[in-house]
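The values are calculated or read from the model by the stated rules, or taken from the named source; none is laboratory data. Predicted, not measured: the structure shown is a model, and the values here were computed from it. Neighbour counts are summed over all protein chains in view; Cβ atoms, including those assigned to glycine, are modelled from backbone coordinates with ideal geometry.
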Amino acid sequence: MSEPSVLAIRDLKVSFQTHDGVIEAVRGVSLDVAPGQCLGVVGESGSGKSQTFMAVMGLLAQNGQASGSARLMGQELLGLKPRDLNHYRGSKMTMIFQDPLTALTPHVRIGDQIAEPLKLHLGLSDREAKAHALDWLQRVRIPDARQRMRRYPHELSGGMRQRVMIAQAMACGPTLLIADEPTTALDVTVQAEILDLMDELRHETGAAMVLITHDMGVIARLADQVCVMKDGEYVEAGPVGEIFSSPKTAYTQALLAAIPRLDRDDRGGRPIPGPPAADAPVIVEGKDIQVHFPVSQGLFGKLLLRAVDGVDFQIRQGETLGVVGESGCGKSTLSRAVLKLLPENSAELHGAITVLGRDITEADQKSMRASRRDLQIVFQDPLASLDPRMTIGDSIAEPLKVHRPGLTRAQRDLEVAGMMQRAGLLPTLINRYPHELSGGQNQRVGIARAMILKPKLVICDEAVSALDVSIRAQIIDLLIDLQKEMGLAMMFISHDLAVVREISHRVMVLYLGRVMEVASREQIYSDARHPYTKALLSAAPIPDPRIERHRKRVKLAGEPPSPTDPRAALRFLPSRLDSEPLYRPKLLEVGPGHLVSEFDPV
């Protein structure tokens with residue numbers, strides 16, 4: 001006889017009353033989660049996956065209404081009064097949210113936040129609760145756990161805050177853990193550590209887990225059963241192996257085909273772009289680029305935060321240089337140095353930057369204004385980078401008004417209509433505003449705006465990281481097509497190595513502002529040499545459970561050093577610390593066009 005389900009949902013419907021009428025977010029969902037099982041719920045933005053479990057937790061917005069049935073160990077949850085529901089929330093069922101910084105209380109110490117539900121639900125004394133909280137911080141492998149008990153959330157890194165949330169969620173011994181996009185905001189190596197930790201705790205405690213995500217690689221690593229959701233309904237469900245090996249619905253097949261992967265040579269049937277001509281002209285070049293920010297250190301004066309610390313690069317016409325690395329490695333700072341968009345009063349720029357053979361390192365704003373026509377950027381959040389008061393047509397036309405003032409209104413409209421068509425935007429959208437468009441459409445607007453002047457260099461700063469997998473594939477196709485058509489150079493910045501592989505000709509790996517490795521796409525992904533590059537590649541999940549669950553990960557020992565520490569450059573070359581603590585590791589050529597920073601053998 002099978003064990004009863006920890007969570008049983010039957011014909012769950014969730015709707016919201018809005019000014020535009022009733023919106024049906026969830027349309028008759030049914031599912032079961034068994035003890036110790038991990039159920040993966042996957043789908044794109046707006047599919048209803050999060051609202052399904054917000055209804056279970058009783059956390060719907062005031063204009064939301066749920067009907068049907070949601071039972072936790074046989075107890076009906078829908079319709080319970082908040083006081084009765086609180087008996088289960090935080091103890092029997094807990095939730096890990098996507099952004100721990102907003103989910104944790106900013107003015108309460110970490111230890112107190114974990115201890116609070118222990119006192120409330122388990123009746124522990126303050127001393128017992130603090131001891132239990134310390135034990136859980138140690139179990140989620142937070143270094144110096146006793147000291148960090150007294151820290152506030154903003155004093156911890158993103159990965160550490162997520163570990164705190166896991167400790168808080170697991171401390172009361174829940175029977176059901178709901179994790180809503182728990183690793184989306186994390187770097188790839190931190191994500192791998194958090195997923196390993198969640199899997200270990202699930203097997204150790206026997207808790208059932210619901211993993212809500214759009215990342216099929218995460219599903220492949222953890223899930224036992226998978227539900228694929230679209231437009232508020234489950235279109236397919238089954239064991240993880242079957243879903244990945246033989247998906248039955250066209251939607252699941254398309255979802256899997258659109259996922260960028262490290263273990264294949266094409267892009268789901270679409271070819272990866274070939275390299276530019278060897279004699280193609282150099283569009284932009286940087287030599288020994290350094291960007292330092294003075295940081296106040298109280299009585300000890302000022303330290304230098306070395307955001308970019310001696311980077312050399314060049315990008316040819318028609319070439320895409322992928323720049324990868326984790327948060328704080330200097331990717332975005334490097335791009336802003338190239339575009340001369342650094343804050344003048346707080347950043348120190350050294351080295352030489354040449355664009356089309358012209359040195360712009362010391363160029364003032366007036367002389368840079370003319371160069372802006374050839375230098376454009378596409379930002380991560382298109383909604384934040386577009387003026388909400390301007391129509392789509394006006395936003396795309398604005399660069400033409402600045403750099404080609406001689407055009408008439410009719411000529412500008414013609415250019416805008418042509419660029420919208422190339423960017424896959426319907427002409428009927430020209431008078432819409434950004435808030436009336438989807439995320440993918442707004443990103444196309446940002447790309448159209450950047451391309452309207454036919455620039456020589458476009459920098460894409462995490463330009464697809466916030467998009468659903470199918471939209472992301474379309475945007476990558478668009479960028480590749482526009483590059484072929486215009487012959488532009490691109491710097492493509494991302495923390496997602498699989499995405500970088502799909503679009504880049506060469507890849508540069510950054511760590512704490514320094515280049516660890518730079519090589520062609522084929523060399524980086526088939527013959528990585530530096531331990532940091534190997535760690536990044538091994539941490540990136542592959543959306544195939546047969547492969548993903550048997551991969552060996554390369555793990556970096558110890559905590560990352562501070563970018564204000566001048567010895568940080570020697571993390572991978574500790575043999576020099578005693579003799580030459582300020583030594584700068586050299587880039588060594590290990591093959592044609594393949595450069596690797598010095599490191600000590602492991």
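Can you tell me how many residues in the stretch 322-346 are at pLDDT 90 or above, among the hydrophobic types (A, V, I, L, M, F, W, C) and within 16 Å of the chain's Cα centre (by Cα)?
The qualifying residues number 2.
Can you find even one residue in the stretch 201-215 that is part of a helix (DSSP H, G or I) and among the hydrophobic types (A, V, I, L, M, F, W, C)?
yes
How many residues are part of a helix (DSSP H, G or I) and either touching a helix residue (DSSP H, G or I) at 6+ places or on another chain (Cβ under 7 Å) or not aromatic (Phe, Trp, Tyr) (or both) when one looks only at the stretch 43-101?
14
Working only within the stretch 133-160, note down all residues that are buried (at least 18 other Cβ atoms within 10 Å of the Cβ), free of Cβ contacts under 8 Å to residues at least 60 places away in the same chain and assigned to a helix (DSSP H, G or I).
Result: 133, 134, 136, 137, 145, 148, 153, 159, 160.
Taking the stated definitions as given, is residue 190 part of a helix (DSSP H, G or I), surrounded by fewer than 21 Cβ atoms within 10 Å (Cβ to Cβ), under 27 Å from the mean Cα position of the chain (by Cα) and among the aliphatic types (A, V, I, L, M)? I'd like the intermediate steps shown before the answer.
Values: part of a helix (DSSP H, G or I): yes; surrounded by fewer than 21 Cβ atoms within 10 Å (Cβ to Cβ): yes; under 27 Å from the mean Cα position of the chain (by Cα): yes; among the aliphatic types (A, V, I, L, M): yes.
In short, yes.
Which of the residues spanning the stretch 559-577 are touching a residue at least 12 places away in the same chain (Cβ under 8 Å) and not aliphatic (A, V, I, L, M)?
Hits for the stretch 559-577 are 559, 560, 561, 563, 564, 566, 567, 571, 572, 574, 575.
Going by the conditions given, is residue 556 part of a helix (DSSP H, G or I), surrounded by fewer than 23 Cβ atoms within 10 Å (Cβ to Cβ) and either of a type outside the set (A, V, I, L, M) or in contact with a Lys or Arg (Cβ under 9 Å, 6 or more places away or on another chain) (or both)?
no
Every residue, every condition in (1) over 17 Å from residue 335 (Cα atoms); (2) surrounded by fewer than 18 Cβ atoms within 10 Å (Cβ to Cβ); (3) at pLDDT 90 or above, yes or no:
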| site | (1), (2), (3) |
| --- | --- |
| 360 | no, no, no |
| 363 | no, yes, no |
| 370 | yes, yes, no |
| 375 | no, no, yes |
| 379 | no, no, no |
| 391 | yes, yes, yes |
| 410 | yes, yes, yes |
| 416 | yes, no, yes |
| 427 | yes, yes, no |
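Among the residues of the stretch 102-132, how many are part of a loop (DSSP other than H, G, I, E, B) and either surrounded by fewer than 15 Cβ atoms within 10 Å (Cβ to Cβ) or free of Cβ contacts under 8 Å to residues at least 12 places away in the same chain (or both)?
Final tally of qualifying residues: 7.
Within the stretch 228-250, does at least one residue satisfy the condition of being closer than 30 Å to residue 350 by Cβ, in contact (Cβ under 8 Å) with a residue 24 or more places away in the chain and not hydrophobic (A, V, I, L, M, F, W, C)?
Within the stretch 228-250, not a single residue is closer than 30 Å to residue 350 by Cβ, in contact (Cβ under 8 Å) with a residue 24 or more places away in the chain and not hydrophobic (A, V, I, L, M, F, W, C).
If we keep just the residues of the stretch 5-51 that are more than 23 Å from residue 255 (Cβ to Cβ) and of a type in the set (Gly, Ala, Ser), which is surrounded by the fewest Cβ atoms within 10 Å (Cβ to Cβ)?
21
Please state which of the following conditions residue 471 fails to meet, knowing it meets all the rest: (1) surrounded by fewer than 21 Cβ atoms within 10 Å (Cβ to Cβ); (2) within 21 Å of the chain's Cα centre (by Cα); (3) within 18 Å of residue 273 (Cα to Cα); (4) not aromatic (Phe, Trp, Tyr).
With (1) surrounded by fewer than 21 Cβ atoms within 10 Å (Cβ to Cβ); (2) within 21 Å of the chain's Cα centre (by Cα); (3) within 18 Å of residue 273 (Cα to Cα); (4) not aromatic (Phe, Trp, Tyr) applied to residue 471, the lone miss is (3).
Report the residue count in the stretch 1-27 for those that are under 22 Å from residue 93 (Cα atoms) and part of a strand (DSSP E or B).
9
Conditions: (1) in contact with a Lys or Arg (Cβ under 6 Å, 6 or more places away or on another chain); (2) not in a loop (DSSP other than H, G, I, E, B). Residue 383 meets all but one. Number of the miss?
Result: residue 383 passes all but (1).
For the stretch 347-364, does any single residue satisfy the condition of being within 26 Å of the chain's Cα centre (by Cα) and either without any contact (Cβ under 8 Å) to a residue 12 or more places away in the chain or in a helix (DSSP H, G or I) (or both)?
No, that holds for no residue.
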